[in-house]
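The values are calculated or read from the model by the stated rules, or taken from the named source; none is laboratory data. Remember, it's a predicted structure, so these values are computed and weren't measured experimentally. Positions of Cβ are generated from backbone atoms using ideal geometry, with glycine treated the same way; all protein chains shown enter the neighbour counts.
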Amino acid sequence: MMKNNNLRSIYTIPYAVWILLFVLAPIGLIVYYSFFDLSGNFTLMNYKNFFSSVYLTLTISSFWYAFLITFFSLLIAYPTAYFLTKTKHKQLWLLLIIIPSWINLLLKTYAFIGLMGLYGPLNAFLEMIGIGKQQILFTDFSFVFVSVYIFIPFMILPIFNALDRLNPALIDASRDLGANSWTTFKRVIWPLTINGVKSGVQVVFIPALSLFMITRLIAGNKVITLGTAIEQQFLVTQNWGMGSTIAVFLILFMFIIMLVTSGNERGMKVNGKNR
Amino acid sequence: MERIGKLPKVFLAVVFIILYAPIFYLIFYSFNSGGGMSNFESFTLEHYAAVFEDKRLIIIVINTIVIALLSALLSTAIGVMGALAIYFMRNKKMRNAVLSLNNILMVSPDVIIGASFLILFTLIGVKLGFASVLISHIAFSIPIVVIMVLPKLAEMNPTLIDAALDLGASKKDIMKRVIIPFIQPGIFAGFFLALTYSLDDFAVTFFVTGNGFTTLSVEIYSMARTGISLTINALSGLIFIVTAGLVIGYYLLNQKLKTPFTGVRK
Amino acid sequence: MKSITQSVILILLISGVLLLFNRELNEGSKTGKDTITVYNWGQYIDPDLLKQFEEETGIKVIYETFDSNEAMMGKIEQGGTSYDVTIPSEYMVEMMKEKDLLIPIDYSKVPNSKNIDPYFMDLPFDPKNKYSIPYFWGTVGIAFNPTLLEGQTFESWDNLWDPSLKQRVILVDSARETVGMGLNSLGYSLNSTDTKELRKATDKLKALRTNVKAVIGDEVTQLMINNEAAISLTWSGQAADMMFENEDIDYIVPEEGSNLWFDNIVIPKTVDNIDGAHAFINFMLDPEVAAQNADYVGYSTPNLSALDLMDPEVVADERFYPDENTRSHLEVYKNLGLELLGVYNELFLEFKMSLNK
């Protein structure tokens, strides 16, 4: 016990300094700005404005799209990670999943505009198989698709790491005990990988709440999120007060999500008990 | 090891095709003698020649790579320490609070991070340029590392540590021999995703850079108004080929050197 | 543990080598004692001209780029880095002037300013051009592709409301331009401060909802070139880029009136090398340099003497060098103040949110 405590203190310092300088200080700044109007007078108007219908609608739509993006990311990432652990050169394949994310995002987005365009390869394919040309760009579909594309490596990695450690003996044991694949998955694999899934959900859902750029390039501003609103307030309207206020709410929402999802932290709890 | 069936293979193939489609698309047009990413006119290598002639561009690329590597390295180090700190916290509420603080930078739009970091740097008098960009990239990459490492720590059986302690291992030994090897996959995941964060970032870098220091993202975004030239496509193609080559080469080399050991270990 | 140590060493090694290499690359160019930092939009200057300037004057140019007026001002306001010359749009010149971010130009060091068309000098956003000299100028209008529209052409903003254009029109993600289009189409001023007029313009925009395909930014150039989009609200400079790549595209300035914009060279307060900055401005106003730059960038130059050196066909193109009559319908944006800018943006947001219903 004592030794664990000592271990802790040494390693905490750089991280604590980071939290102080790059998390708490900026937050203080944001909260401070949120109390000022355009002409620099103290005001609570920004907070009142946030509860207008416009920002409530934006909040709901941000959450809805973040949910969709997280859901589809998980739906694709889980089997991908699972199958990857079964391949021969799994580490290499995993790296090959990450490499595309190192190419500039704006450039890839332009490529998507070309790929999904009316005269792009995707529509050519749809025409070939007899579905015919579709307007793909500037729809909910294209927005969610490209967002999932961006976030998928972030979901695959933690799930892969969780699955990779899974003891095959456990699965065999479950099979030997007569469980079918689905039961094995539900009772054995899924609970053991839940921590990885949680990490993945966090690193997808939280940034997805504040997505911008894609909302313009791929969704043609038919999807508007809180992130877009903040960006506009800071860069176009130069109303840092209002922009900061929206950011304060975004951070509050994140805290609430963390609070709600922390209830059933299996792995952590086990460790806590043991110590 | 069990082989994978046909359906999983097809599934993986589709995933990889989609992941690489935009990259091959932009590489394809890097050979276009026309002006943009459409209407392929005829094959040319002029855009590749332009990359090597543009000294400024090469300097920017190197800046970008160095910042990405160093920031990923340092943020991984600090992030691992942070994850350990969170893991060893006994108070659950406290742990949750710190974890929430950890995630704040991930939920904040880049504009806000960039603007507040800029204010911070000018306040404490950090000269804008290499150092300020590096520090910012480290700062915004730390959360992702923490989140990648934590589940590995949670999976770790604490009796391992106790057993090691009983055997008289020192703290340093436990860290080196027990904890770090166990969470290694998480560390690498954190490192690679920190690289992604760094390479992708535009807005934060834009705000905190100065004195002639630029990264590739800033350069590309500011080209948007007058059109991104195909030189950038060619450059991205080159970066992609070199990176993929290095990764595969390194992996194969490692594989060759390691085979006898892994054979024993498994 | 071993593989981690190995990786750390490898990363440090690679970074070290790259840094050395970069220093080597930088060394060669740092011979001149004088430097200036030019802060500009990406690809908004012919890079050969920078080299020519360096050779002629011995002043080394550090070129940095930004992607929006507001972001650029944010950087200049906060300081911490030296920019000697930058290129804001006209409303931003006004804003920067108000915030005391600009330094008056010393015209005794810029004899080439005589080359600028007097028509573009001494405008309300900067009386007597105390702080700024026009760099490029242009209009806002409609770019369209008749081959995709069965030969339909456009003369006015009102044409966009044609019910046959369902899901065809692309608007620009900028409040002043889009709300401005609504105002112009109703015959109001682009600089309207009347809430009733603004409300009417927004309601009229909402009626355009079904025709709107998307509200985007610079990506529109690629979409028009690809034949992906048929009609777009565009700046003339971008229209020129489109027409260069896709010959079918045409551009008009609507008859109700439109916006006349300028990008201008200024010296911000972050200046470090005042003489160098003036030398650079004077260099850019040289007729031959301006002509070459206009040819490279493809935007309209305000440099009267440069026009004589350019391709006569380009200069005679009424779409990009409109005659006096058309010009008289154009309005330059006034800086309406942040309060009203907020109102414009809220109305614009209201319009954008009505799109997905």
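Below is a table of values for the structure above.
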| item | result |
| --- | --- |
| Criterion violated by C:TYR91 - all others in (1) modelled with pLDDT of 95 or more; (2) in a helix (DSSP H, G or I) satisfied | (1) |
| Matching residues, the stretch A:188-236, being more than 18 Å from A:VAL148 (Cα to Cα) and among the charged types (D, E, K, R) | A:GLU231 |
| Residue satisfying all of: in the stretch A:167-204; in contact with a Ser or Thr (Cβ under 6 Å, 6 or more places away or on another chain) and more than 14 Å from every other protein chain (Cβ to nearest Cβ); modelled with the highest pLDDT among these | A:VAL188 |
| Residue pairs meeting the criteria (Cβ under 6 Å; at least 6 apart or on separate chains; first free of Cβ contacts under 8 Å to residues at least 24 places away in the same chain and closer than 14 Å to C:LEU10 by Cα, in the stretch B:63-77; second in a helix (DSSP H, G or I) and of a type in the set (S, T, N, Q)) | B:VAL66/C:SER15 |
| Positions within the stretch B:87-109 being more than 8 Å from chain A (Cβ to nearest Cβ) and among the charged types (D, E, K, R), in sequence order | B:LYS93 |
| Extreme residue, farthest from B:VAL149 (Cα to Cα), among residues of the stretch B:97-134 that are out of contact with any Phe, Trp or Tyr (no Cβ under 6 Å at 6 or more places or on another chain) and of a type in the set (S, T, N, Q) | B:THR122 |
| Residue check, C:VAL172 hydrophobic (A, V, I, L, M, F, W, C), under 24 Å from the mean Cα position of the chain (by Cα) and surrounded by fewer than 22 Cβ atoms within 10 Å (Cβ to Cβ) | yes |
| Extreme residue, nearest to the other protein chains (Cβ to nearest Cβ), among residues of the stretch C:55-88 that are of a type in the set (A, V, I, L, M, F, W, C) and part of a helix (DSSP H, G or I) | C:ALA71 |
| All helices (runs of 4 or more DSSP H) inside the stretch C:271-337 with 3 or more residues being touching a helix residue (DSSP H, G or I) at 6+ places or on another chain (Cβ under 9 Å), surrounded by 16 or more Cβ atoms within 10 Å (Cβ to Cβ) and not acidic (Asp, Glu) | C:274-284, C:287-297, C:304-307 |
| Residue match in the stretch A:107-126 (condition: over 28 Å from B:ALA224 (Cα atoms) and touching a residue at least 60 places away in the same chain (Cβ under 8 Å)) | no |
| Where C:GLU350 falls short, out of the listed (1) among the acidic types (Asp, Glu); (2) modelled with pLDDT under 90; (3) under 30 Å from A:PHE141 (Cα atoms) | (2) |
| Given (1) at pLDDT below 95; (2) of a type outside the set (Val, Ile, Thr); (3) in contact with a strand residue (DSSP E or B) (Cβ under 8 Å, 6 or more places away or on another chain), number of the condition C:GLU27 does not satisfy | (3) |
| Enumeration of residues in the stretch A:137-166 that are at the interface with chain B (Cβ under 7 Å from one of its Cβ atoms) and polar (S, T, N, Q) | A:ASN161 |
| The stretch C:337-357: number of residues that are at the interface with another protein chain (Cβ under 7 Å from one of its Cβ atoms) and closer than 25 Å to C:PHE125 by Cα | 5 |
| Residue among A:PHE71, A:PHE67, A:PHE83, A:PHE143 that alone is modelled with pLDDT of 90 or more and more than 17 Å from the chain's Cα centre (by Cα) | A:PHE83 |
| Residues satisfying the stated conditions in the stretch A:217-232, i.e. in contact with a Ser or Thr (Cβ under 8 Å, 6 or more places away or on another chain) and crowded, with 24+ Cβ neighbours inside 10 Å | A:LEU217, A:ILE218, A:ALA219, A:ASN221, A:VAL223, A:ILE224, A:THR225, A:LEU226, A:GLY227, A:THR228, A:ILE230 |
| Residue match in the stretch B:44-52 (condition: more than 30 Å from A:LEU211 (Cβ to Cβ), more than 9 Å from every other protein chain (Cβ to nearest Cβ) and outside any helix (DSSP H, G or I)) | yes |
| Options B:ILE104, B:ILE124: the member that is surrounded by fewer than 24 Cβ atoms within 10 Å (Cβ to Cβ), modelled with pLDDT of 90 or more and among the β-branched types (Val, Ile, Thr) | B:ILE104 |
| Leading residue by the ranking (farthest from the other protein chains (Cβ to nearest Cβ)) among those in the stretch C:166-218 that are assigned to a loop (DSSP other than H, G, I, E, B) and small (Gly, Ala, Ser) | C:GLY187 |
| Qualifying residue in the stretch B:208-221 (condition: among the aromatic types (Phe, Trp, Tyr), within 22 Å of B:PHE28 (Cα to Cα) and within 13 Å of chain C (Cβ to nearest Cβ)) | yes |
| Of the criteria (1) over 25 Å from A:THR193 (Cβ atoms); (2) in a loop (DSSP other than H, G, I, E, B); (3) more than 7 Å from chain A (Cβ to nearest Cβ), which one B:SER75 fails | (2) |
| Scan of the stretch C:1-21 for residues that are within 7 Å of another protein chain (Cβ to nearest Cβ) and either modelled with pLDDT under 85 or more than 20 Å from B:PHE213 (Cβ to Cβ) (or both), ordered by number | C:MET1, C:ILE4, C:VAL8, C:ILE11 |
| Evaluation of B:TYR25 against (1) free of Cβ contacts under 8 Å to residues at least 60 places away in the same chain; (2) hydroxyl-bearing (Ser, Thr, Tyr); (3) farther than 30 Å from B:SER141 by Cα (one fails), failing number | (3) |
| Number of positions in the stretch B:136-169 that are farther than 22 Å from B:THR196 by Cβ and more than 9 Å from every other protein chain (Cβ to nearest Cβ) | 7 |
| Candidate set from the stretch B:1-43 (those that are of a type in the set (Ser, Thr, Tyr) and outside any loop (DSSP other than H, G, I, E, B)); member that is nearest to A:MET155 (Cα to Cα) | B:TYR20 |
| Count of the stretch A:246-262 residues which are assigned to a helix (DSSP H, G or I) and closer than 19 Å to A:VAL204 by Cβ | 11 |
| Number of positions in the stretch A:73-83 that are over 20 Å from A:PHE141 (Cβ atoms), more than 7 Å from chain B (Cβ to nearest Cβ) and not small (Gly, Ala, Ser) | 2 |
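The rows are residues; the columns are (1) on the phi < 0 side of the Ramachandran plot; (2) crowded, with 21+ Cβ neighbours inside 10 Å; (3) within 7 Å of another protein chain (Cβ to nearest Cβ); (4) not aromatic (Phe, Trp, Tyr).
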| site | (1), (2), (3), (4) |
| --- | --- |
| A:LYS48 | yes, no, no, yes |
| A:VAL54 | yes, no, yes, yes |
| A:TRP64 | yes, no, no, no |
| A:PHE71 | yes, no, no, no |
| A:LEU92 | yes, no, yes, yes |
| A:SER101 | yes, yes, yes, yes |
| A:ASN123 | yes, no, no, yes |
| A:LEU126 | yes, no, no, yes |
